[in-house]
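Note sheet for the following structure.
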Amino acid sequence: MLRTLFQDMKTRWQAIFRLLLNLHDLIQEVSVPTETVVEIKEDGSRKEVERKIFPGYVLVKMVMNDDTWYVVRNIRGCTGFVGPESKPVPLTEEEVKKLGVEKISVEVAYAEGDLVNVIDGPLEGFSGTVDSVDVSKNSVQVTISMFGRETAVEFELDQLEKIKD
């Protein structure tokens with residue numbers, strides 16, 4: 001992660017890294033994390049606006065060595081890497097997921113009201129009805145009949161499969 005001075009970070013950084021063709025194998029990706037927000041104005045009109053999640057920062061996926069560090073560090077507008085003494089600290093995959101930068105799209109074969117089988121976990125072999133699906137939280141609420149009682153249980157998306165008709 002880099003600290004920068006640019007306001008128009010996205011276009012400027014992508015243009016700069018396109019110029020570094022001799023390092024294209026080492027610098028794989030440059031991204032400015034953004035989100036789309038719907039603004040409602042006073043007159044009631046809606047407008048979609050793209051906002052930076054971390055203003056003043058650019059994420060760089062790169063192979064770290066002396067050459068890439070020097071080139072990136074000396075680009076005009078770069079104030080340094082995030083980390084102690086401006087030495088970059090690589091983010092783990094979990095940290096990148098928490099930042100919400102890399103969106104993972106999950107497609108499930110079941111929806112609310114479908115009958116599903118549990119294929120993983122302590123309740124493997126049970127079946128139930130899907131109450132709700134929350135893809136962003138990777139969770140599914142299912143009502144399962146256990147010991148003669150209906151019980152709501154939360155599962156991860158990949159722990160269930162739809163029962164074929």
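The values are calculated or read from the model by the stated rules, or taken from the named source; none is laboratory data. Keep in mind that this is a model prediction, so the values were computed, not measured. Cβ coordinates were reconstructed from backbone atoms using ideal geometry, including for glycine residues, and neighbour counts include every protein chain displayed.
The number of residues in segment 25-52 that are touching a Leu at 6+ places or on another chain (Cβ under 8 Å) and either more than 29 Å from Asp67 (Cα to Cα) or modelled with pLDDT under 75 (or both) comes to 0. Taken over segment 139-159, the criterion of being within 13 Å of Ile119 (Cβ to Cβ), of a type in the set (A, V, I, L, M) and at pLDDT below 90 is satisfied by Leu157 alone. The condition of being within 30 Å of Leu26 (Cα to Cα) and in contact with an Asp or Glu (Cβ under 8 Å, 6 or more places away or on another chain) does not hold for Lys98. Scoring Lys137 on the criteria (1) under 30 Å from Thr36 (Cβ atoms); (2) of a type in the set (Lys, Arg); (3) in the same structural domain as Asp25 (by TED's automatic domain parsing) leaves a single failure, condition (3).
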